[in-house]
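Everything below concerns the one structure shown next.
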Amino acid sequence: MHSFQNNNKLVSHLEASGHEVRRIARAPDGSPVVAVRAGGAREPAIFISAGSHSTEQAGVSAAVQLIDALQTEHQVWVIPTRDPMGMNGYRHVLEWALGEPADLASRDDLEGFLRARGEVVIDEEDVVVATINEFAFTTRNLLGRFKESDAALVEPLKGRRIFVPSGHEDVAGAAPLERAYTLIVSPQGDVLHVNRFHDTAWAPAEVHATRRLLAEIQPGICFDLHEAMGIQDRYWLSARKQRTGDLDEQEAHAATAVIERIAAWGARFPEDEYLPGKFFTKSQPGVFWLDALVRGEGLNLMDYAAREYGIAFGTEMGMFGTFDDRVAMGMLTVQAAVEAWEANR
């Protein structure tokens, strides 16, 4: 399966599948966030999501395939993409904010376009940020760029979404201008991507809708399918410390099952000395345990799911692997973990 061109194509595909498709939210441009019900009737439910970073489209395709491929008697709920505006792309969002077509031949035209059509609020040597109506657009990613001393720069961006053009020239499903990486600036001035805010009252509509669905279905195991640039074609699994020792054991058992399945398939893991960040610890090759309190940002979806519900995993498939291989690794992760979780209940 290849990537979907945009969110409308994805929703049309899902609605033609014969499964229950629920529209749980609308992004500011009106694009729906949808959840699909599959599986059996047993509880607790299994929850799968993808696409909070719209450049990571193999995870989206894996989530869609799992709607039919995951064999279980448990309820399955899938949100295939949590950022439909980003999936629709930078050009789409820019044209929507302008209310007219945007004459952009390539990403190289972007700086001049934003200077001419937007109100420039940040103009530095390597980045231009401009506002158009209530949204902001940037030429480069701003994650980790600003410190407390930059508060005056961030002030006009508080409460706004900032759209970043995809910089992935050679990654299938993430072409420049065809995807937009979505940042949100909190009222406090924190510049975070859309997969945060799960523990805050102030959160975008897409996050509120996901939290409402989780509260309704009370999942026992959750997955969020991500991809990473810095590990080439390799794979690692993100796990979470649990509220009880029993849940910790369930999570560790399922993680081992995933790694064994992925290794048998032929995937490679990061080098022994690799660590995704100082807020991770390693338990075995390919498995890293995240401590959100050490990270110090808002909770992402799997942080929140582990705190409130049950065991929770994120994947990181290396984006320089083939699209089909990335899809396969996402699917194998969920299938192996669910089998281990069901056997251990």
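Readers should treat all values here as calculations from the given coordinates under stated rules, not as data from a laboratory. Because the structure is a prediction, the values reported are computed rather than measured. Every residue, glycine among them, receives a Cβ derived from its backbone with ideal geometry; neighbour counts consider all protein chains shown.
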> Under the condition of being crowded, with 20+ Cβ neighbours inside 10 Å and touching a Phe, Trp or Tyr at 6+ places or on another chain (Cβ under 7 Å), which residue from the stretch 288-301 is nearest to Asp199 (Cα to Cα)?
Replying inline: Gly298
>> Here are the criteria: (1) out of contact with any helix residue (DSSP H, G or I) (no Cβ under 6 Å at 6 or more places or on another chain); (2) polar (S, T, N, Q); (3) buried (at least 20 other Cβ atoms within 10 Å of the Cβ). Tell me which single one Gln232 does not satisfy.
In response: (3)
>> Show me the strands (runs of 3 or more DSSP E) entirely contained within the stretch 221-302 in which 2 or more residues are under 25 Å from Pro204 (Cβ atoms) and under 21 Å from the mean Cα position of the chain (by Cα).
In response: 221-228, 235-240
> What number goes with the only condition from (1) buried (at least 19 other Cβ atoms within 10 Å of the Cβ); (2) in contact with a strand residue (DSSP E or B) (Cβ under 7 Å, 6 or more places away or on another chain); (3) of a type in the set (Gly, Ala, Ser) that Ala174 does not pass?
Replying inline: (2)
> Can you spot a residue in the stretch 17-25 that is buried (at least 22 other Cβ atoms within 10 Å of the Cβ), of a type in the set (Asp, Glu) and closer than 25 Å to Gln335 by Cα?
Replying inline: no
